[in-house]
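Engineer: Below is a structure I'd like to ask you about.
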Amino acid sequence: MDRLIRSNLYPHMMKKVLFTMAMIFSLLGMMAQNTSFTRPADFFGFEPGSDRNLFNYEQLIEYLQKLDGESDRIYLEEIGASPMGRPMYIAFISSAENISKLEDLKKINRELALNPNLEKEELQGMIRDGKAFVLATLSMHSSEVAPTQAAPLIAWDFATTDDPKKEEWLRNVVYMMVPCHNPDGMNLIVEDYLKNKGTKYEGASLPAVYHKYVGHDNNRDFVILSQEDSKAIARIYNQTWFPQVMVEKHQMGSTGPRYFVPPNHDPIAENVPAGIFHWGGVFGQHMATDMTADGLAGVAQHWAFDDYWPGSTETCIWKNVIGFLTEAASTKTATPIYIEPTELSVRGKGLSEYKKSINMLEPWEGGWWRLGDIVQYEISSTSSIIKTASLYREDILAFRNKMCREQVALGLSEAPYYYIMPKKQHDLGELVNLVNLMKEHGVEVYTLNEEVVLDEKIYKAGDVVIPLAQPFRPFIKEVMETQEFPERHYTPGGELIKPYDITSWSLPLHRYVSSTEIDKRSKKLEGNISLVKGDYNLKEKEIEATTIVLPVTSNESYRAVFIALEQGMKVERLLSDTDVAGLSYGTGSFIVYKGSKKEQWNELIESLPFQPGELSDKRALATAPVEMPRIALVETFFHDMDAGWTRFLFDTYHIPFTILHPGDFAKSKLAEKFDVILFPDTDKDILMTGKRKSGETYYMGSYHPDYVKGIGKEGMEKLMAFSDGGGSIISWGRSARLFEGMLKIKKGDAEEEFSLPFRDISPDLAKAGLYVPGSLVKVNLLADHPLTLGMPASIGVFSRGRPVFTTSVPKFDMDRRVIGTYPEKDILMSGYASGEEKMGNRAAMLWMEKGKGQFVLFGFGPQFRTSTQTSYKLLFNAILLEQVD
């Protein structure tokens with residue numbers, strides 16, 4: 001205490017202590033009046049937020065279910081399941097009267113969100129009777145434990161309060177709390193933390209992704225909706241409850257501001273209406289004011305986080321929801337940390353110095369930082385959000401319908417008016433998938449009833465039409481158009497404000513689906529379309545044949561083939577272009593035989609999104625058998641999201657694999673177990689040493705030492721022996737550098753040194769000005785090669801500008817082919833890049849051979865976040881590449 005009195009921390013600490021005491025007395029007062037309700041501390045055996053204590057997901061839900069049974073102000077509804085099968089819930093918290101008529105309020109929400117034609121009196125009645133629905137999704141990033149750990153305290157407080165102000169809020173607001181956005185990750189984090197609790201490794205990082213597949217990238221999934229938990233959350237604002245306000249609760253680093261609230265920093269999404277950002281600012285300013293009044297310092301605004309890219313939970317802002325995030329400074333999970341005042345710093349957008357400024361009016365001064373502190377910030381910010389929604393209830397409800405009416409009107413008066421996608425596509429399956437994805441997003445999709453001519457172009461019956469005269473017009477335009485990054489600068493002509501994440505997400509471009517933007521309205525077209533009801537597909541008739549042909553151009557053909565192989569069916573590939581029943585199937589197309597697998601055959605046929613070819617004649621065809629190789633997928637313990645996405649892709653496409661950790665190489669008999677070893681995008685130093693490196697310096701990580709083992713010298717010898725014996729190695733991104741430079745093959749006492757005929761020149765290009773923050777760039781592909789079967793002449797690939805390859809004339813028993821090349825000009829297809837011309841006429845994808853071994857190296861992510869379907873077939877073909885005899 002003497003130390004605190006002598007320091008300038010004392011006044012701040014006293015203010016914080018007084019606020020904490022006030023909270024405690026308030027809770028004690030409610031406890032005295034609500035003894036029939038189970039207190040969180042009594043249920044869990046500790047006060048949520050107390051040092052070194054965490055409850056798991058099942059305990060959280062059990063408590064909320066108990067509170068649901070005790071209070072008429074809370075109602076729990078199941079909304080879906082996590083990827084590992086755990087049930088997910090919303091806790092509705094409001095007045096007893098509102099809880100009793102949730103279904104009526106739900107109908108009002110839907111009308112306000114989707115009906116642009118409400119009569120004035122009808123609209124006024126809904127604004128009078130409706131309530132402001134506030135959706136809060138907590139701790140999607142599971143190491144950010146505080147929002148979920150605060151959930152029982154918030155639920156108990158509002159379920160039991162007799163504070164007149166809070167009761168008034170609850171009469172005006174329905175608080176929809178998803179108590180845990182990521183149940184699987186929560187349990188992984190809690191279990192790992194409690195395992196290490198009391199040891200010197202307490203608070204160590206989880207040696208895995210905190211999710212079944214994607215870890216931190218679950219906040220990048222809300223365009224493609226690949227994960228079950230993402231789907232469950234998105235349904236809330238896409239299809240079911242249509243809340244007017246949404247907040248996602250996060251945590252961030254430990255040594256900067258204590259809390260972030262909106263407004264966000266530039267750049268912002270240009271398709272999102274200005275009013276959405278205005279309202280986000282209203283909620284943010286109220287939070288900053290209320291939290292500061294509660295004695296909570298270090299609240300920052302207009303800092304670090306932009307609102308440009310869709311993909312996070314806040315993708316709802318493209319659907320007229322007032323959406324925003326909050327971010328709290330972190331501890332070591334539930335272990336307190338002490339922050340020296342000299343360690344406090346800021347970087348990035350909006351704050352250049354850790355000083356009092358318009359974007360952080362009361363800096364936190366350092367000291368102990370505990371889980372309980374973050375919980376206090378969460379309670380205060382949540383109360384402020386609910387209070388603000390109550391204060392502006394009528395305005396918020398009116399604004400929701402105003403957005404609906406304005407967006408529909410814009411779709412009728414301002415280009416673009418429609419997107420049209422021909423029924424005939426290079427990849428039929430991806431057209432089907434795109435249509436069903438848009439429907440999942442709450443977008444209405446139509447098909448043409450008969451031929452229409454627009455701007456001298458013929459559109460045929462069955463072509464897909466997405467009109468923009470819809471409430472979710474901003475979302476439709478955002479994901480269907482080509483992205484152009486809004487360049488903003490800190491000063492006129494000065495440094496570019498760089499994007500927070502990626503800059504391209506165009507669904508047609510990423511899936512190689514032909515789409516035309518129509519800039520003239522056509523009433524003839526509007527009278528000639530039919531709404532797509534139910535799941536969309538391109539099947540035409542029942543399949544009677546016992547042998548089918550699947551086009552090599554479709555990703556869904558590969559999925560069906562991998563399922564067939566999994567079920568033991570016979571599969572072959574055509575060795576030349578072949579006509580079947582008047583349709584042409586390219587080289588590499590698949591023939592699948594029913595054989596004796598009747599039940600599996602029926603399921604396979606049912607799963608196809610398009611009509612396969614039926615092979616009924618007995619003519620001899622030039623084919624080669626297809627067999628599934630034994631695949632090892634390399635995954636580190638360092639929150640390896642790219643490997644996690646690859647696991648998800650493989651599971652989705654029924655590709656069997658075995659996980660191989662870098663430390664396993666030295667003790668594994670690779671050649672006996674595997675035919676293919678696949679390296680996703682991972683840093684070379686992590687792979688080789690198990691350590692991160694900055695420049696020439698390795699630095700200490702936060703993982704338990706059991707999980708920081710690299711491939712090492714002996715493991716690399718095993719890997720090269722695997723290749724020498726005929727194994728295939730597939731690698732992309734940073735891991736490709738593992739195979740650059742001098743390599744060795746050890747044969748008994750002898751060693752052979754060799755260097756593959758390639759080099760990654762992206763570091764040199766970056767120094768010369770190449771900057772690609774995550775964009776779609778054009779690659780021209782080598783025709784008539786086994787790796788490019790089913791591919792068009794050029795595609796867009798997802799690139800971060802690394803690696804970029806050059807090749808050289810090979811020596812001895814080596815060979816190489818450049819499979820993909822960046823063109824000399826017009827490289828950028830969607831997103832942002834500078835200096836991209838330096839990539840021109842450079843190699844983007846390589847095939848190399850050394851002895852019997854084959855190497856396939858990608859300078860881009862062929863499966864990036866499973867959002868680049870256009871390049872999937874390159875990866876699938878690499879997996880099926882025939883081994884060299």
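The values are calculated or read from the model by the stated rules, or taken from the named source; none is laboratory data. As the structure is a prediction and not an experimental result, all values here were calculated from the model. All Cβ positions, even for glycine, are placed from backbone atoms using ideal geometry, and neighbour counts span all protein chains on display. Ligands, DNA and RNA are stripped out before the accessible areas are found, and what is left, the full protein with its side chains, is counted by its heavy atoms. Shrake-Rupley method; radii C 1.70, N 1.55, O 1.52, S 1.80 Å.
Engineer: I'd like the Karplus ³J(HN,Hα) series for segment 490-500: coefficients 6.51, -1.76, 1.60, θ = phi - 60°, whole numbers in Hz, and an x wherever there's a Gly or Pro.
Structural biologist: 3J(HN,Hα) across segment 490-500, in whole Hz: 5, 9, x, x, x, 5, 5, 7, 6, x, 6.
Engineer: Carbon and sulfur: what percent of the chain's accessible surface (1.4 Å probe)?
Structural biologist: Its accessible area is 49 percent carbon and sulfur atoms.
Engineer: Expected output is a single nm value to one decimal: the length gained when fully extending between residue 455 and residue 542, i.e. 0.36 nm times separation in residues minus the C-alpha distance. What is it?
Structural biologist: Net length gain for the segment: 27.6 nm.
Engineer: Work out the length of the dipole vector of the chain about its Cα centre, built from +1 on the beta-carbon of each Lys and Arg and -1 on the beta-carbon of each Asp and Glu, and round it to the nearest 20 debye.
Structural biologist: So the dipole magnitude of the chain works out to roughly 940 debye.
Engineer: What are the ³J(HN,Hα) couplings of segment 818-834, residue after residue, when phi is run through the Karplus curve with 6.51, -1.76, 1.60 and θ = phi - 60°? Round to Hz, x for glycine and proline.
Structural biologist: Taking θ as phi minus 60°, the curve returns 7, 8, x, 9, 6, x, 6, 9, 6, 7, 6, 9, 7, x, 9, 7, 10 Hz for segment 818-834.
Engineer: Quick check on the chain: of the DSSP beta bridges with both residues there, what percent are antiparallel, nearest 5%?
Structural biologist: 70
Engineer: Also, I was wondering about something else. Whole-Hz ³J(HN,Hα) for each residue in segment 570-586, computed from phi via Karplus 6.51 cos²θ - 1.76 cosθ + 1.60 with θ = phi - 60°, x for glycine and proline: what do you get?
Structural biologist: 7, 9, 9, 10, 6, 8, 7, 4, 9, 8, 10, 6, x, 10, 9, 10, x
Engineer: List the lysines whose Cα lies under 18 Å from the Cα of residue 533, skipping any in the same chain that are fewer than 8 positions away.
Structural biologist: 423, 439
Engineer: How much length would be gained if the chain were fully extended between residue 837 and residue 767, taking 0.36 nm per residue of separation minus their Cα-Cα distance, in nm to one decimal? The partial results should precede the final answer.
Structural biologist: On the way: separation 70, 0.36 × 70 = 25.20 nm, distance 1.38 nm.
Difference between extended and current length: 23.8 nm.
Engineer: From the cross-link list 402/523; 106/356; 197/249; 195/693; 457/541; 669/691, which pairs have alpha carbons spaced over 32 Å apart?
Structural biologist: Working: 402/523 25 Å; 106/356 44 Å; 197/249 25 Å; 195/693 28 Å; 457/541 30 Å; 669/691 24 Å.
With Cα atoms farther than 32 Å apart: 106/356.
Engineer: Enter the Cα centre distance for the pair segment 83-104 and segment 517-539, rounded to the nearest angstrom.
Structural biologist: 36
Engineer: Please give every one of the lysines within straight-line cross-link reach of residue 838, meaning a C-alpha to C-alpha distance under 19 Å, and leave out same-chain neighbours fewer than 8 residues apart.
Structural biologist: Partners found: 767, 778, 825.
Engineer: Hey, how many Å between the Cα centroid of segment 455-482 and the Cα centroid of segment 595-668?
Structural biologist: The two parts, judged by their Cα centres, are 34 Å apart.
Engineer: Against the longest principal axis of the chain, how steep is helix 120-129, in degrees 0 to 90 to the nearest 10, with axes from Cα atoms?
Structural biologist: Once rounded, the angle reads 70 degrees.
Engineer: Starting from the amide H of residue 623, placed 1.01 Å from N in the peptide plane, find each other amide H under 5 Å away whose residue is 5 or more places distant or on another chain.
Structural biologist: Long-range HN contacts for residue 623: 575.
Engineer: Pairs to check: 231/349; 709/744; 713/746. Give those whose C-alpha atoms are more than 23 Å from each other in this structure.
Structural biologist: Result: 231/349 exceed 23 Å.
Engineer: Grab the Cα-Cα distance for residue 343 and residue 84, subtract it from 0.36 nm times how many residues apart they are, and report the gain in nm with one decimal.
Structural biologist: Answer, rounded to one decimal: 89.3 nm.
Engineer: Name the residue farthest towards the positive end of the dipole of the chain from the options 188, 133, 537, assuming +1 on Cβ of Lys and Arg, -1 on Cβ of Asp and Glu, about the Cα centre.
Structural biologist: Of the options given, the answer is 188.
Engineer: Return the long-range amide H neighbours of residue 368 (sequence gap of 5 or more, or a different chain), with a cut-off of under 5 Å between placed amide H atoms.
Structural biologist: For residue 368, whose amide H was placed from the backbone, the distant partners under 5 Å are 339.
Engineer: Under a cut-off of 17 Å between alpha-carbon atoms, report the lysines in cross-link reach of residue 598, not counting same-chain residues fewer than 8 places apart.
Structural biologist: 570
Engineer: A further question follows. I'd like to check one number: the per residue accessible area of the chain, probe 1.4 Å, reported in Å² as a whole number.
Structural biologist: Numbers: 35140 Å² over 885 residues.
Ligands and nucleic acids excluded, the figure is 40 Å² per residue.
Engineer: Which GluC sites (Glu not before Pro) from segment 661-742 combine a DSSP loop assignment with at most 14 other Cβ atoms within 10 Å?
Structural biologist: For GluC sites (Glu not before Pro) across segment 661-742 that sit outside H, G, I, E and B with at most 14 neighbouring Cβ atoms in 10 Å, the list reads 696.
Engineer: Next question. Would you give the gap between the C-alpha center of segment 224-260 and the C-alpha center of segment 332-368, rounded to a whole Å?
Structural biologist: Using only Cα atoms, the two centres lie 25 Å from each other.
Engineer: Give me the dipole magnitude in Debye, nearest 20, for segment 96-180 about the Cα centre, with unit charges on the beta carbon: positive for Lys and Arg, negative for Asp and Glu.
Structural biologist: With only Lys, Arg, Asp and Glu charged at Cβ, the dipole is about 140 debye.
Engineer: Based on DSSP H runs of at least 4 residues, each adding -39500 (n - 2.57), what is the mean residue ellipticity at 222 nm of the chain after dividing by all its residues, to the nearest 500 deg cm²/dmol?
Structural biologist: Theoretical 222 nm ellipticity from helices: -9500 deg cm²/dmol.
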